[in-house]
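**Q** Here's a structure for you.
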Amino acid sequence: MDSTDAFFEIAAILGIATLLGYVGQKLRQPLLIMFLAAGILVGPSALGLIESHGQIELLADIGIALLLFIVGLRLDLHLIRTMGPVALATGLGQIIFTSAIGFAIAIALGMDLVGAAYVAVALTFSSTIIIVKLLSDKKEIDALHGQIALGFLIVQDIAAIIALVALTTWGAPSVGDDSLLQSSLIMLGKGLAMLAVVALLMRYALPALVHRLASSQEMLTLFAIAWAVLLAASSDYLGFSKEVGAFLAGIALASTGYREAIGARLTTLRDFLLMFFFIDLGARLDWSLVGEQLGSALIFSVFVLIGNPLIVLAIMGAMGYRRRTGFLAGLTVAQISEFSLIVAAMGLGLGHISPETMGLITLVGVVTIFVSTYMILYSGPLYEWLSSPLRIFERRNPYRESAGDRLQAGPQVDVILVGLGNYGSGVATSLLHQGKTVVGVDFDPSALQRWRSRGLSVVYGDMADAEIHEQLPMNKARWVVSTVRSRPFSRTLAEHLRHSGYGGSLALTAINEEEAAEYEKLGAQLVLRPLADAAEQAADLVAARLSPAPS
C-alpha cells in the first residue's frame, strides 16, 4: 500500500476513534470499549477502511509492550505486604475458583479442553487500568476496599505474566525431532540466561545510566521506551513473547528512583498505542461467527458479573472483613481485562483456539466491562439495596475491621476526626496542642500505628460504613470532623449521621465553593477548605509584610 494512503487511513481511524471516544465519555465508559467499537466500525464488517494491517499491528505490538513495561515498572510488592494476607488470599482464591468454575461451565457448553482452558484463564483477569481509573474518579483509590482491590489486582497481573510465559514456553510446537522435555529445557536455559543478563545490568549498569540520563526528562523517556522495546524484541528472538521481555524491562527499572517519573510520562503514549491493539482486534472479529456465540457469551458474562464478586465477598468475609468492604472490592473483578484479550490473541496466533473462541472471549469482555463500569460507579446505592441479603457473607464479629484499640473515652469526646492523612494529621496535631480530646478514624495501618504510638485513640475502619459508627462514642462526641476530600463520601457520612440521630456538630472538607454550598445544605455546621484557607492565610501574611511599619 502507498504510504500516503496508509497515512490517510490511520487519520480516518483516529478521527472515528475520537468521535466514539467522546460518545464513550458521555456514557462514562472506558475508552477501550469504544476503541473496540471503532475497530468493528472501520473493519470489514462495516466500513472496510483498514488495509494497513501491518502498520496497525506494529503499533499495537509496541503498545502492548509499553503496557507490560509499565506494569513491571509499577509492580508494587510493598502494597501486597502492607495489605497482609488479604491480597494474596483474595487474589489467588479468586483466580483458582473463577478458573475452575469457568472451566466447568465451558465444558458443560461443549467446548474442547484447550478452548475451555483459555476461556477459564481469560475469566480470571480484571482490568487494572479500568479499575484504577474508576476508583480514582470516585476518590476511592485510597479507601480500604480500594487498597485491597489494588493488592489482589497486582496478584492477577503476576498470574497473567506467568500465563504468558507458560504459553510461549510450552505453547509453541516443538522444533524438529526435539521432544517436549528437550524444548522445555532449552527454553528454560534461555530464560535463565536472559534473567542473568538483566540482573547484572540491574546491579552494575542501569542505576548509574538512568541517574545520568535523568538530567533530561526527554532522554530519560526515550531511553525507557528504547529499553522496553529492545528487551521485548530480545525476548521474542529467544522464543518468548514480546510481552514477557517488556515486563522484565519494567522490573529492571522499578528499583530506581525514577520509576514514577518514567511511568507518568509513558502512560499517555501507552494508552494511545494500545488503542491500535483494540482497533485491530475489533477489525479482525468475524461477526458472523461471533453471533453464534451470543448465548454462551451471556452465560459467561453473568458468571463474571455476579460470580466473581461473590467469590471475593465470600473470601473476604471468611477472613473477617465487613460485607460492605468485601462487596465494594468484589465489584472490581466483575469484568475481564485487556490481559484476557492479549492471552486469547496469543492463543489464536499459536493455533490453540479458533476464531469463534476468540470472538467469544472478546464479546464477554465487551459485555462485562460495559456493565461493571456502571456497577462500580453506582456501588453505593447498589450496596444499600443488597445490604441485607449480603449479611450471610459477614462473620458475627468482623474482627479485621473492629476497633484496634479499646477506646478510653471519658464522659465527653471533643472531636471524632475522620482521615489521618497529611491534612488530617495537621488538624489532629493542632487539636491536641489545644488540649482537645480526639478519636481518629482511618484504614491506613501505618497512619494508625503512627498516631497510636503518640497516644491517640484510633479506630480502623471506613466511616462511609454505618456499622463502624457503632464502635465509636458518637453519643459523647461534640464534633465529627472529616478531612476526606470526596463528595460521595461526605454525602454518605452526613446521611448516616442524620439517620442515626447524631446530636453533635459536623465539619466536612470541600475543594471548591460549589461543594461547600452543598455541604452546608446537608447540615454541616463548618466547611473546611484547605486550599482556599491556606491561600487566604498566605495572602494575609504577605499583606502584613507589605504594610508599612508604624512610625
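Read the figures in this text as sums done on the coordinates, not as results from a lab. Since the model is a prediction, treat every value here as computed from it, not as a measurement. When we count neighbours, we look across all protein chains shown, and the Cβ atoms used for this are built from the backbone with ideal geometry, even at glycine.
**Q** For the pair Leu188 and Ser215, how long in nm is the line joining their label points, each one 7 Å along Cα→Cβ?
**A** For the pair Leu188/Ser215, the computed spacing is 4.7 nm.
**Q** Separate question: Enumerate the amide H contacts of Ser505 below 5 Å, restricted to partners 5 or more residues apart or on another chain; note that Pro and chain-start residues carry no placed amide H.
**A** Trp479, Val480
**Q** Next up: Arg545 to Lys133: extension gain in nm, 0.36 nm per residue of separation minus the Cα-Cα distance? Kindly include the intermediate steps, with their values, before the conclusion.
**A** Details: separation 412, 0.36 × 412 = 148.32 nm, distance 4.40 nm.
Full extension of this stretch gives 143.9 nm more.
**Q** Between Ala12 and Leu222, what is the label-to-label distance in nm when each label sits 7 Å out along the Cα-to-Cβ direction?
**A** Label at Ala12, label at Leu222, 3.5 nm between them.
**Q** I need the fraction of alpha carbon pairs in region 402-546 separated by more than 25 Å, rounded to a whole percent. Don't skip to the answer; put the middle values down first.
**A** Working: 2837 of 10440 pairs.
Summing the P(r) of region 402-546 above 25 Å gives 27 percent of all pairs.
**Q** Find how much the distance from Glu57 to Ile96 grows on full extension, using 0.36 nm per residue of separation minus their present alpha carbon separation; answer in nm with one decimal.
**A** On the way: separation 39, 0.36 × 39 = 14.04 nm, distance 3.28 nm.
Length difference between fully extended and current span is 10.8 nm.
**Q** Please give the FRET efficiency for Arg478 paired with Tyr423, using the beta carbon to beta carbon distance and R0 = 25 Å, rounded to the nearest 0.05.
**A** Working: r = 21 Å, r/R0 = 0.83.
That gives a FRET efficiency of 0.75.
**Q** What nm value, rounded to one decimal, do you get for the distance between Ile511 and Ala532 when each label is placed 7 Å out toward the C-beta?
**A** Calculated label separation equals 1.5 nm.
**Q** If you don't mind, there's one more thing I want to ask. Would you mind calculating the gained length between Arg396 and Ala108 on full extension (0.36 nm times residue separation, minus the Cα-Cα distance), in nm to one decimal? Intermediate values should be presented prior to the final figure.
**A** Working: separation 288, 0.36 × 288 = 103.68 nm, distance 3.71 nm.
Between Arg396 and Ala108, full extension yields an extra 100.0 nm.
**Q** Still on this structure, please answer the following. At what distance in angstrom do the alpha carbon centres of region 338-387 and region 505-520 lie from each other?
**A** Answer, in whole Å: 38.
**Q** Step through the table entries Lys138/Lys436; Lys133/Lys476; Lys138/Lys242; Lys139/Lys242; Lys26/Lys521; Lys138/Lys521, compare each Cα-Cα distance with 31 Å, and write down the pairs that go over it. Don't jump to the answer; show the numbers that get you there.
**A** Numbers: Lys138/Lys436 33 Å; Lys133/Lys476 39 Å; Lys138/Lys242 34 Å; Lys139/Lys242 35 Å; Lys26/Lys521 28 Å; Lys138/Lys521 21 Å.
The pairs that break the limit, which is 31 Å between Cα atoms, are Lys138/Lys436; Lys133/Lys476; Lys138/Lys242; Lys139/Lys242.
**Q** Please give the FRET efficiency for Thr267 paired with Gln412, using the beta carbon to beta carbon distance and R0 = 45 Å, rounded to the nearest 0.05.
**A** That pair, Thr267 with Gln412, gives E of 0.35.
**Q** Can you give the direction-averaged projected area of the convex hull of the alpha-carbon atoms in the chain, in nm²? Intermediate results must be reported in sequence, preceding the final value.
**A** Details: hull surface 133.2 nm².
So the mean shadow area of the Cα hull is 33.3 nm².
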